Amino acid sequence: MTTTTHILGYPRIGEHRELKFALEQYWRGEIEQSELQHVGAQLRHKNWQTQSDAGLSFSTVGDFAWYDHVLTTTLLLGHVPKRHSAGFPDLDTLFRVGRGQSQADCGCSGSAASDMTKWFNTNYHYIVPEFSQDDSFEVSWPQLFEEVNEAVKAGHKVKPVLLGPVSYLYLGKEVEQGFDRLTLLPRLLTAYQAILAKLAKQGVEWVQIDEPILSLQLEDQWLDSFKLAYQVIQGDVKLLLTTYFDSVDDSLDKILSLPVNGLHIDLVSSPNQLEHVAARLPDTWVLSAGVINGRNVWRADLNKQLAALQPVKQRLGDRLWVASSCSLLHSPVNLELEKTLPSDTRSWFAFAKQKAQEVALLGKALDGDKEALDACHAYSQPILERKTNQKVNKPQVQLRVNSITKTFAERCAPYAERASYQADVLGLPLLPTTTIGSFPQTDEIRTQRSAFRAGQLSEADYTQALKGHIADAVKRQEALDLDVLVHGEAERNDMVEYFAENLAGFQTTKFGWVQSYGSRCVKPAIVVADIEREKPITVEWSTYAQSLTSKQMKGMLTGPVTILCWTFPREDISRKEIAQQLAFALRDEVSDLQDAGINIIQIDEPAIREGLPLKKRDHQTYLDWAVESFKISAASAKPETQIHTHMCYSEFNEIIDSVAALDADVITIETSRSNMELLKAFEEFNYPNEIGPGVYDIHSPNIPTEEWIQGLLRKAAERVPTERLWANPDCGLKTRSWEETEAALTNLVSAAKSIRKEWAEKA
Ligand code: GLN
Ligand code: ZN
């Protein structure tokens with residue numbers, strides 16, 4: 001017998017983002033549904049074939065999704081929100097739930113998309129299932145069964161994957177007051193029974209049933225519900241209960257009593273669990289060891305993995321399976337396309353296709369295949385050699401990080417003192433107005449950037465063009481009479497990519513796309529070496545912008561934690577160390593900006609909350625180093641230099657202590673969508689510094705009226721002392737047009753002016 005090998009899922013988007021382009025063409029009405037179906041079918045076949053060719057024991061089926069795999073499950077269960085559920089669910093139903101339906105499309109009043117939220121601690125977003133008391137579930141959408149047939153017909157040995165019932169419920173939300181969605185479990189289980197019975201009829205032996213919530217610190221009623229769930233759905237097929245992204249430490253006792261046939265654990269996020277899980281594994285179960293990292297881009301050290309797995313193989317024999325840690329959905333598709341990467345760097349990476357090959361090779365080597373053992377050895381060499389590579393290890397960077405003491409992170413004066421210096425230097429009115437950084441990225445800017453990147457526009461001409469956009473932005477802001485101006489970020493395609501391209505230690509790729517949501521993909525840069533700022537990055541742009549105005553120009557940086565969260569990190573040093581290296585690079589940029597006459601510097605940290613580990617007990621450790629990194633980058637500022645930070649996208653109530661601990665002089669924060677609700681947390685906590693609650697929801701095409709903004713500002717003043725309030729939009733304006741931007745900011749500035757008057761009269 002040979003070791004069983006598999007992956008938990010393959011990227012669905014295609015190595016050239018074929019699915020993205022087909023979807024968008026279909027949505028624009030440019031292609032027929034049959035054409036879209038054809039693209040999907042081809043991608044699936046290619047993915048299964050890649051797995052077969054690699055030599056994996058199974059091809060995984062059911063991981064393909066037209067939009068999102070949670071949404072696929074929603075349709076499979078016939079659980080479409082009522083506002084979208086006219087008739088039998090089809091592909092268009094699915095898109096309506098994911099994207100909403102506009103008035104123009106339906107000739108009705110339109111219906112909103114379901115919410116979207118982050119998939120655990122990844123940058124993938126899923127469509128949140130909606131639950132009501134009288135929901136019913138009935139197997140409806142045949143995609144899974146059809147795909148099983150397709151794959152079997154094509155000669156593959158299939159292992160369908162299914163999101164498990166308890167995780168499906170847990171990941172959704174109640175859309176009615178006063179009921180608990182867990183009460184729907186029995187009804188839901190009937191549908192799962194039917195699905196598994198159908199798969200059994202199709203000849204399926206194993207089903208990978210994903211219950212990723214088993215890696216969380218679950219409340220008792222959720223953890224306890226697994227027993228009922230798996231008692232009901234067991235029987236028709238063998239179930240591989242699949243966990244990932246963290247350890248099963250908290251749930252292992254309960255897991256081991258479930259009537260399933262095997263367990264998958266993530267040994268990349270938590271390698272230490274291998275020993276004790278293997279030791280306690282029931283005699284009839286298989287253990288699927290997730291050793292190949294499904295969510296990063298690094299080539300595995302197969303020798304090391306082999307050494308860890310060999311003793312377990314001896315104990316478990318064929319009951320040990322080898323796998324990717326999680327679905328490969330979170331890694332780019334195919335390294336072979338990266339023809340222009342330097343060859344040494346290239347030999348450090350593995351994308352999804354290569355990871356599938358790694359899993360298969362490891363399986364063979366575990367079986368003692370001599371050729372495979374040699375191949376593992378040779379394959380691991382570049383990763384081992386990298387450890388002493390001089391381009392990777394920079395003593396001067398390491399020295400700085402190793403010399404961190406508490407004082408590095410502290411500004412040289414407390415906030416109250418800083419605030420009075422700043423008041424003198426900056427000369428700002430009560431309730432100052434500002435924006436978050438970016439201004440519209442017009443077609444003109446994009447065209448110029450592409451031309452520059454393609455070598456059709458010289459660097460000098462490109463710089464000239466950017467300066468033109470900056471001058472234009474400054475002129476418009478002066479006309480609007482904003483108090484603190486920004487240069488507009490025309491030179492940045494993306495707030496993280498820009499810094500990754502300008503700092504030493506990063507590698508960018510050409511085709512390293514990963515699905516973010518629906519048809520949207522991101523192409524994160526990769527941290528490959530110690531990070532160093534070789535020269536100033538933003539100083540030229542900011543000082544040029546400052547030279548055009550007598551108002552304060554705000555410098556604009558992306559913070560260390562956000563850069564870390566939105567790139568592929570190294571695996572040989574900790575995330576904390578990477579954040580600290582970034583912090584020092586930014587610290588030098590802060591110094592240079594202030595020396596060049598920039599008095600206000602914003603360090604954006606929108607991703608700080610996303611970096612939270614899955615288990616609550618690990619939160620504080622993360623927050624401590626995240627906050628420290630931010631503070632290291634800000635602490636080179638003199639007392640009279642005003643440091644801003646900006647956060648958006650999520651609820652910050654939970655981490656308000658850490659937000660305050662950043663000790664930024666001003667925080668601008670997304671609040672307008674929650675009608676200033678978030679400010680309650682700031683009030684209750686007694687947030688000591690200045691706050692700019694967003695009063696213009698930039699995600700909406702609606703222009704807020706002056707009265708609306710005044711209302712929000714009055715609300716804000718109920719919670720925050722007026723002398724510590726700012727008026728600003730929710731987030732950057734790069735996705736809006738100038739027309740909308742100017743209309744909204746006109747209202748924002750005049751609202752601020754009249755509110756100032758109101759407050760002055762009251763005082
Ligand atoms: N300064 C950035 C911008 O305005 C902030 C973006 C963000 O918060 N995501 O675009
Ligand atoms: Zn933002």
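Every number in this text was worked out from the coordinates using simple rules, so none of it is lab data. Computed from a predicted structure; not experimentally measured. Don't worry about glycine lacking a Cβ; one is built from the backbone with ideal geometry, like all the others, and counts go over all protein chains shown.
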### Query
Residue by residue, what Karplus-based ³J(HN,Hα) values in Hz, rounded to whole numbers, does segment 59-68 have, using 6.51, -1.76 and 1.60 with θ = phi - 60° and x for Gly and Pro?
9, 7, 10, x, 8, 6, 9, 6, 9, 6
### Message
Take the residue pairs Lys631/Lys715; Lys157/Lys201; Lys157/Lys510; Lys304/Lys387; Lys353/Lys616; Lys475/Lys762 and return only those whose Cα atoms are more than 22 Å apart.
### Response
Lys631/Lys715; Lys157/Lys510; Lys353/Lys616; Lys475/Lys762
#### Entry: Residues His125, His644 arranged by fewest to most Cβ contacts within 10 Å
His125, His644
### Task
Work out the charge dipole of the chain with +1 on the Cβ of Lys and Arg and -1 on the Cβ of Asp and Glu about the Cα centre, then indicate which of Phe179, Val70, Ile600 is farthest towards its positive end.
Val70
### Task
Please get the size of the charge dipole for segment 332-442, origin at its Cα centre, with Cβ charges of +1 on Lys and Arg and -1 on Asp and Glu, quoted in debye to the nearest 20.
260
### Message
Could you derive backbone 3J(HN,Hα) for segment 151-167 from the dihedral phi with the Karplus parameters 6.51, -1.76 and 1.60 (θ = phi - 60°), listing whole Hz in sequence and x where the residue is Gly or Pro?
### Response
5, 5, 4, 7, x, 8, 8, 9, 9, x, 10, 9, 5, x, x, 6, 5
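Can you give the extra length, in nm with one decimal, that the chain gains between Asp134 and His38 once fully stretched, where that is 0.36 nm per residue apart less the Cα-Cα distance?
Details: separation 96, 0.36 × 96 = 34.56 nm, distance 3.70 nm.
Taking 0.36 nm per residue and subtracting the Cα distance, the gain is 30.9 nm.
In deg cm²/dmol, rounded to 500, what helix-only [θ] at 222 nm does the chain give when every DSSP H run of at least 4 residues adds -39500 (n - 2.57) and the total is split over its residues?
On the way: 28 runs with 330 residues, N = 763.
Rounded to the nearest 500, it is -13500 deg cm²/dmol.
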## Note on the structure
Final fewest-first order of Asp481, Asp220, Asp210 on the 10 Å Cβ neighbour count is Asp220, Asp481, Asp210
### Query
So which of Lys153/Lys523; Lys254/Lys576; Lys254/Lys615 end up more than 28 Å apart by C-alpha?
Lys153/Lys523; Lys254/Lys576
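Using 0.36 nm times the number of residues separating Lys523 and Arg714, minus their current alpha carbon distance, what extension gain do you get? Before the final figure, lay out the partial values.
Working: separation 191, 0.36 × 191 = 68.76 nm, distance 4.12 nm.
Length gained, Lys523 through Arg714: 64.6 nm.
Give, rounded to the nearest 20 debye, the magnitude of the charge dipole that segment 210-329 has about its Cα centre when Lys and Arg contribute +1 at Cβ and Asp and Glu contribute -1 at Cβ. Show your work: numbers first, answer last.
On the way: 10 positive and 15 negative charges, 114 e Å.
In debye, rounded to 20, segment 210-329 gives about 540.
Once R0 is set to 30 Å, what does the formula 1/(1 + (r/R0)^6) return for the Cβ-Cβ distance between Asn402 and Val425, expressed as a FRET efficiency to the nearest 0.05?
Working: r = 35 Å, r/R0 = 1.17.
Efficiency computed from Cβ-Cβ geometry: 0.30.
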### Charge dipole (debye, nearest 20) of the chain; +1 at Cβ of Lys and Arg, -1 at Cβ of Asp and Glu
1240
### Crossing angle, helix 220-233 versus the chain [Cα axis fit, 0-90 degrees, rounded to tens]
30
### Query
Dipole of segment 439-553 (Lys/Arg Cβ +1, Asp/Glu Cβ -1, origin at the Cα centre): which of Leu480, Ser450, Ile531 lies farthest to the positive side?
Ser450
